Every structure is written in structure tokens, then in C-alpha cells.
Amino acid sequence: MTTKKAVSLLAVVMMFIVAVLSACSNNESGSNNKTDQTAANQQESANTPANTEDAAAPAEEQPKFKDMTIRIMTWQFGEESSFGKGYRAIADDYMKVHPEIKVEFVEQPLDGYIDKLNANLELDSDTAIDIAQLQPWMIDQIKNMDKLVDLGPLMEKKSAYAGEATWYDTFIGEKNAFTSAKASNKFGAVLFVPSDTNPNYYVAQPIVYNKDYFQQAGITSDPKTWTWSDFIANAKLVQEWGKKNVDSDFTAMASDSEHYGWALSMIGGQFGADLFDDQFAKVDFGAEGQGLDPNAAYVQGDSLLWSKISYAITHGWLDYKGDMQKYYDDMMRLYSEVHGLYQAGFEQQSSAESSQLFYTGRVAMMQAHIGSKKDIETNTEGMFEFDVFLPPLLTKENTQFATGKFPKADGQYKDGFGVNKKKAGNDPDRLAAVADFLQFFTSKDEQNKYVEIANSFSPTKDVKNPEELMGWVFPLEADKTSNEIYGHMIIEWAGGTWPGYVQEYVQGKKTVQQLIEATAKDAKKNVVDWYSAEPDAIQAQIAAKEESLKAAQDDALKQALDNDIKTLKIAKVLYAEAVKAGK
Amino acid sequence: MITTRKPKMKLSDYFQRGKNRTETAMGLLFVLPAAFFCILFDWYPTFDGVLMAFYDWNGYDTPIFVGIQNFIDLFAHDELFLKSMKNMTIFVIGGLVLMFPTIIASVVLFRVRNSKAKYVYRVLFCIPMVIPFIVGLLMWQYIYNPQFGFLNQFLKLIGLESLRGVWLGDADLAIWSLLFMGFPWVTTGAVLIYIGGLQAVDSSIWEVSELDGVGPVKKFFALEFPLILGQFKLNLIGAITAGVTGYTLQMIMTNGGPAFSTLVPGLYMYQLAFKSQRYGDAAAISIVLFAVSLLLSWVSIKFIKSKED
């Protein structure tokens, strides 16, 4: 081969490689060959409500979509979970109504989910996902990155599967149930469609127990009536019985690294917030607050809950000093009581390992969550009977900070399914189809079927939740619940480091004071990092809502907007103050 | 004496000559794709990482230049980083000490003269190499399980119940449990390198040592070990680098716990970057690790002289 030929051949090979790489980076069916300018225009238009309003036209007007595949990423297909079966059933129904659309599920285990999610949200290729199931912490990580479509404008429009009702109206709590979701990101956007939840239920992580063991250990009282003291006393009883009659390593309960915070949540969730509220009432909102009354309903209400906590953390109200010492001492004392009931080395064991201990009869109880019910039934079938009880109620006998009430749901949606802005947000046809699918997904008929298959709750109005699940949520009676600030707030707000600090405390390497000081330090840093960019974004939201208020005709809407503006003004002051104090 | 020095050829001279010019162009053309991807995927991220160490960045907002503040925070205010450095020191020292069983095993196996036996041990050493590293770690995780694991079950079986432990769940035991993993600490890859080094030595040296009646221990210290110092240095640098920058073992087995007792700077860096979105702090740790690794490697190269040096 001559040199000239070799050079020519190499040039051809290089061009081929470049062509392949280019195709891989944007293989949108090969037919949609957009120019950069077009893509830029679409990106811009996707940021505006007008774009999503077009996509919201009801199905009667747009009965057919372009042929396409909607890809949904979820973690719910592991070993064909009941949730996965439910999702697939809805998708099958949808494909019958819209044969031109194929719905595909992309299974991705929770381990590594966020990395795959972030990678997918950067892509608009055929293989990229259109919809992703999101947990609250995932939304928290990406909420300000402009990677998810703002579904708010779509929610304002009629749902294609709910007659004349808007999509918002089809959900329990309607538009108001999305207030926290909107306030949590700097765009004021609704970034997800809720699923598998009822905003009025505080879903507990109850305790599942082996009824046979309880009976043999001589426990006759009903665990559902237990107070904290009853729970600890009976747990010790069954532990002693198990050590003598089952195995010397027998413990009352199984826990694991994934549910480390459960006991802290259970305890802290019942602690009152009087110490905190007293101090909050003294906050001077100054000129920035524009004369807002700190005792008004919108300040005292729930919508500023997290803003209040961040303010308290950065201002050192929740450090280990003064009255707070007793508060944290009691909390960790009670936590140690639970910790003594767990199997050795639980901190380093997986959920599967701890479940095995329960299934094989090496413990009498384990922490559970609503999604594990089917698994427990399958694994204990023919071996022993189990039942469930809610975390026991703390009383004044246990701590002066006990409210004597269970945590109350805040009526707000926190997670669900988000839409990939890069893919669906930039393509009006695709966005229309995706929105239509999600409206179908959350329609009353489909959700009624879904809750039966998945054994789950539904956010859709008038859907009957499975009776058997009611034992897994805190009761709704007003006198039995309270929406207090969680007592463990500093510990949890320390981010990824708090389990390690708690382990240090448990293993005698830190005192309560050192634990609180370490977590408070990390929490303060996190709060400042999270909110340092917020004031400008909130100001933009205030300006947008003031514009809407001028144009509003309906009194109820005016009232809601006015309330939103006041809430945002308070939030603005709090964020700015928090950042100032943090620095 | 008259000496002549070959004149240096300038790059421009190559292009002056027709044949050479084409050959150079060809060469550059072939190197170009590799160089491009190398710059894009290796050099750019590296330099970007160095630069990021001087910024406060959460992954999406505009990075803020903070000078050396990230480094000051790490050494002056970050309790976990200092703890992780202490753990890293234990892992590095432990890793260096645990190199010696491999060297001893290599020498012993080299002394085996029976060809069939040689074949058998080579096969036996190669088989573990095909088992993925992660599988090995998961097996050890099972061995250490306090309730079902082999180790505690075995201790109970032989009547040593009191010695049973919560191997990975006890902050005082976890780091030693991780170091114990891989018992008897004979690394197959390293064994093959050492044996290769010993086989490369002229056989007359072994014959002379036999004629002189050198004992097995003296033979090890006076001949065998000095003669494989080059290979030892190679493995030493690998062990230092792995000890300083590695974190797979800790991430899979304990995730740095319990109570941060097995947290190493590499894992902390990963957690800061991908769990806490503190990319600036994470980049600062990577620079520190690079510096430590470089320093230790330089010291080992400087002070250990092999026969090639």
C-alpha cells in the first residue's frame, strides 16, 4: 500500500468514527435532524408555560400521537414487585387505548439509581428515559438543575381522563397539596406527578412481630395498645425468652444499615417543638419582611416548616446548650433503649440480611415498611403467623418532651414521577404523549385497579385505599396527631455523615454533646450550601406571582396568590438570614 | 582527541525532506485519535480536578473561587478527613507488612524443583485470578456475618464461642478485620512477578550458593530477596498507591463504618463528591492523595536500590 493510499484510508476511517460518534450523541430516530438553533429555541420554549400548555390539550382533541416509545425508569421491578405489576397493568391498559405508543419500563435498582438518573437526564436519544420515578431525596438533589419538566402548567389544564376537572383537581388536596413541592425549587415548578401516596396519611414504619414467639414468651397484651414503656418491657421479655429457648444470640428485633434512622424518627417525631417555636416567634423580620406579622397563620403554619428548621440550625438554636441539653439527652437515652434490642452488628447489615433473621426465627420483631408487606407474607407462609403494630406512643413518663401524639401528615406531595426535560421537554409531540400517559396513570379508574394489584395508596381522589394498609399509617384523628418539628432534626440534617456520628455515640466513642456538636456543624454547612442561591430565585417567584395577582379575577385565586406571596417573602427573609448566620 | 557531535535535527528539517515529511505526517495522523481522546478523557479531567480544588462548587451552580480554603478546611476543621488519614496510614502500613507473605511464598515455590509440582502450583495460583475481585469481597462479607457467617460458626463449633465477634460491626475490630481479609495474604499476580524475577537470574548464582553451602535463610536474605528488589519495588509502589488512593474494599465491605472506623480519604472523597455534592472539597482530597502517593513512591524509589539501579 502506498503512503498516499494509507493516508486516504486512515482519513476515511477517521471520518467514519466521527460520523458514528455523532450519531450516537443524538440518534433521535434519525429523522428529527434539528439544527443547533432549533434545539436552542426549543430549549427556550420548554422553559415557558406556553410550551407545556400546548401539550396539555385533552385527548379528545388529539386522539392519536406520533408512533413512539415512552421509557420509564423505576426501581419497582425487583423480583416482580407488586408495585411493578401494578405499573405494568396500567401501561398495558394505556397501550390498548393508544396502540401508537409503546410503554417500556427500565428497571434500575435503587443502588446506583441516582447516577443512572443523572446520566439519563442529560440525554435526548431514543434510549434515554422519558419518565423517572423519584424519591424525595432524589428530587432534592436535582430540583434546581433544570433537568425536569415543570408540570405545573399541565396540571392547571383539564385532564384527558377526568371530564371537566383540571389535572390538579383529580388529586387529593388539589393544588394546595403541591405548595411545598413548588416552594422547594428555585423555579417554583411542580417537578413530579405523585404516585403511591396519600398526602393525608403519615405512613409509618411499623413493627412486624412473630405472633407465635409472643405467645410462647407469655405476652398476652395487644401490642397495638402499647405505650413506649410497654414496648420496651415486652421486647426485653421476648428477648430473654428467645435466648433461653431459641438461640443464645436471639434478640428482640432486627434492624439494618438502611433503616438506621427509623428509631430516631420514631422518637423525635413524637417530641414537641415548644422550645423551638418560642424562639421562632421572637424573630424580627425587619424591612425585608415588609411588615409581616410573625404570629400570622402563614408564618405559624406548616408551609415554612423546613425554612424554619434551616433558620434554627444556622442561628444555633438547636445546638447542645441551654434547654436543648435535656432535649437531646432524653432523645438519645430513649434511642439507646431501642438499640439494645437489635442484633449485633446491625449497622453493617443490609435490609435483606436483617429480614433473614426474622424469617428464620432468630428475632421476634423487625422494622418494616409498607412495600415489604407482600415479601413478609411470602417468606413467612407456613412457618409462623405475623402481625403488625405502629411505633409505640411516648408519654410524659418517658420524657417531659413527649407530646403524647403521633406525627401528622402535612398534606403535601413529596415524590412521584418526573419528566426528562432534555428529551420530552424539548419535543412538544413527545411531551403531549408523556403528559397524556401520566394523566391516564393517575386517572381514577386506573388507580382503583392499581391499589388492588400493588397493595398501595393512591393520590387520586375517590380511590378506595386497601383496608389492610390502614394499620400501617398513623390514625387520622386530630386529637391523636400533631405536626411538631422533629426532635432529631439536627442529626438528620447533617446529611450523609449522621449515621456515622450516631454509631460513634452508640459504640461509646462520642457523648451526646459531641454527637450534637458534630451533626450541628455539618447541618449548618449543608443549610448554607443548599440555600445560598435561594433569595434571588424566591424574589423571581414573588415577582411572577405578583404579576399573576394583578391579572387574577377569581377571589379564591387572589387569596391563594396573596398567601403564596407572603409565604415566599417570609421564606426570602429566612433564607437570607440563614445564609448570613451560616457565613 | 577530536570529537564530533552529531548536529541536532530541528523539527522543521523533517518537513524539508519529502519522504520524512510524509512519514512524520503519517505518524502524527495515527497518533492523533489516541492523543485526542487521551487529552479529552485523561488530561482534561485531571487538570479540571486540580483546578476545582480551589473552588467551592456543588455541581451545578457557578463555582466560587476560594483559594486554598478547601485545604485549610480539610486539615484544620474536618474531623472526618483527619480520621480517614489515620485509617489510611494503618491500611498502608498493613498493606506493606502483608507484602512479605507473598515474597516468602514466591521464594519457597521457586525452590520447588519438581516440574509436575511447579505446574500444579502455577495452575493453583492462576485459578483465583479469574474470580472477580468483588466476588471475593462478598464471600468475605458472608464469612464475617455475625449471625450466619462461617467464622463465628467455626469458632462456636471448636468450642471457642467466647472469641466470636461482630467483625465488621465493631468500630474497634472492623479495620483489623479488613486487613485480615485475603488470609494468608499471598497475592497471585505478585507471586508470578516474583517468580518471573527469580527465574531470570542466572542459574550459576544458585549453583555457586549450593556449592558454598549457603543455608535457606541466609540464601533468602543474601541472594533471593536482593535479586528481586526490582520486582519488589514495582509491587511496593502498587501497594502504596492502592493503600493511599484505593477505597473499593472499604466501600463494599463497610462503607467506611462503623463509626467511621474504616473510612479512608478515597472513600470520603467519593462521598463528598457524589453524595454531598461538595466537589471542591473532594477535589482537594484528591490533590492531597496524589501528593502523598507521589511522596511515598518517590521515597521508595530513592531509598530502595535494586540490581538494575
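Does B:Ala239 count as crowded, with 17+ Cβ neighbours inside 10 Å and under 30 Å from B:Thr62 (Cβ atoms)?
When the stated conditions are applied, B:Ala239 does not pass them.
Would the stretch B:80-101 turn up any residue that is over 30 Å from B:Leu173 (Cβ atoms), charged (D, E, K, R), out of contact with any Asp or Glu (no Cβ under 6 Å at 6 or more places or on another chain) and in contact (Cβ under 8 Å) with a residue 40 or more places away in the chain?
Looking through the stretch B:80-101, none of the residues is over 30 Å from B:Leu173 (Cβ atoms), charged (D, E, K, R), out of contact with any Asp or Glu (no Cβ under 6 Å at 6 or more places or on another chain) and in contact (Cβ under 8 Å) with a residue 40 or more places away in the chain.
Kindly indicate whether any position in the stretch B:79-95 is part of a helix (DSSP H, G or I), of a type in the set (Gly, Ala, Ser) and away from chain A (no Cβ under 14 Å).
Checking the stretch B:79-95: at least one residue is part of a helix (DSSP H, G or I), of a type in the set (Gly, Ala, Ser) and away from chain A (no Cβ under 14 Å).
Suppose we filter the stretch A:159-179 for residues that are touching a helix residue (DSSP H, G or I) at 6+ places or on another chain (Cβ under 8 Å) and surrounded by 18 or more Cβ atoms within 10 Å (Cβ to Cβ); how many remain?
Of the residues in the stretch A:159-179, 11 are touching a helix residue (DSSP H, G or I) at 6+ places or on another chain (Cβ under 8 Å) and surrounded by 18 or more Cβ atoms within 10 Å (Cβ to Cβ).
If you scan the stretch A:164-195, which residues turn out to be of a type in the set (Asp, Glu) and either closer than 21 Å to A:Phe457 by Cα or part of a helix (DSSP H, G or I) (or both)?
A:Asp169, A:Glu174
Does the stretch A:210-230 include one or more residues that are under 30 Å from A:Lys449 (Cα atoms) and hydroxyl-bearing (Ser, Thr, Tyr)?
So far as the stretch A:210-230 goes, no, none of its residues is under 30 Å from A:Lys449 (Cα atoms) and hydroxyl-bearing (Ser, Thr, Tyr).
If you go through the stretch A:361-381 one residue at a time, do you hit one that is more than 25 Å from A:Glu452 (Cα to Cα), in contact (Cβ under 8 Å) with a residue 40 or more places away in the chain, assigned to a loop (DSSP other than H, G, I, E, B) and not charged (D, E, K, R)?
Yes.
I need the full set of residues from the stretch A:499-527 which are under 26 Å from B:Gln277 (Cβ atoms), at the interface with chain B (Cβ under 8 Å from one of its Cβ atoms) and among the polar types (S, T, N, Q), in order please.
A:Gln503, A:Asn526
Residue by residue, here is whether (1) within 11 Å of chain A (Cβ to nearest Cβ); (2) part of a helix (DSSP H, G or I); (3) more than 15 Å from the chain's Cα centre (by Cα) holds:
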position: B:Pro226; (1), (2), (3): no, yes, yes
position: B:Leu236; (1), (2), (3): no, yes, no
position: B:Ile252; (1), (2), (3): no, yes, yes
position: B:Gly256; (1), (2), (3): yes, no, yes
position: B:Asp281; (1), (2), (3): yes, yes, yes
position: B:Ser286; (1), (2), (3): no, yes, yes
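Would you be able to tell me the number of residues in the stretch B:269-279 that are in contact (Cβ under 8 Å) with a residue 40 or more places away in the chain, within 11 Å of chain A (Cβ to nearest Cβ) and either crowded, with 21+ Cβ neighbours inside 10 Å or aromatic (Phe, Trp, Tyr) (or both)?
1
Taking B:Phe154, is it away from every other protein chain (no Cβ under 14 Å), under 19 Å from B:Trp185 (Cβ atoms) and aromatic (Phe, Trp, Tyr)?
So B:Phe154 fails the test.
Out of B:Leu234, B:Leu223, B:Leu294, report the one residue that is without any contact (Cβ under 8 Å) to a residue 24 or more places away in the chain, more than 30 Å from A:Asn118 (Cβ to Cβ) and surrounded by fewer than 17 Cβ atoms within 10 Å (Cβ to Cβ).
Testing whether each residue is without any contact (Cβ under 8 Å) to a residue 24 or more places away in the chain, more than 30 Å from A:Asn118 (Cβ to Cβ) and surrounded by fewer than 17 Cβ atoms within 10 Å (Cβ to Cβ) leaves just B:Leu294.
Any idea which residue in the stretch A:381-405 is modelled with the highest pLDDT, counting only those that are in contact with a Lys or Arg (Cβ under 9 Å, 6 or more places away or on another chain) and among the small types (Gly, Ala, Ser)?
A:Ala402
When you go through (1) assigned to a helix (DSSP H, G or I); (2) of a type in the set (A, V, I, L, M, F, W, C); (3) touching a helix residue (DSSP H, G or I) at 6+ places or on another chain (Cβ under 8 Å) one by one for A:Leu237, which number turns out not to apply?
Failing condition for A:Leu237: (3).
Would you check if there is a residue in the stretch B:45-58 being under 22 Å from A:Gln141 (Cα atoms), within 9 Å of chain A (Cβ to nearest Cβ) and assigned to a loop (DSSP other than H, G, I, E, B)?
Yes - at least one qualifying residue is present in the stretch B:45-58.
Is there any pair with a first residue in the stretch B:22-40 that is within 11 Å of another protein chain (Cβ to nearest Cβ) and part of a helix (DSSP H, G or I) and a second that is aliphatic (A, V, I, L, M) and surrounded by 13 or more Cβ atoms within 10 Å (Cβ to Cβ) whose Cβ atoms are under 6 Å apart and which are 6 or more apart or on different chains, and what are they?
Filtered contacts from the stretch B:22-40: B:Leu29/A:Leu10.
Can you go through B:Gly189, B:Gly266, B:Gly230 and tell me which one is in a helix (DSSP H, G or I), at pLDDT 90 or above and more than 13 Å from chain A (Cβ to nearest Cβ)?
The unique qualifying residue is B:Gly266.
The values are calculated or read from the model by the stated rules, or taken from the named source; none is laboratory data. Model, not experiment: these values are computed from the prediction. We place every Cβ from the backbone using ideal geometry, glycine too, and count neighbours over all the protein chains shown.
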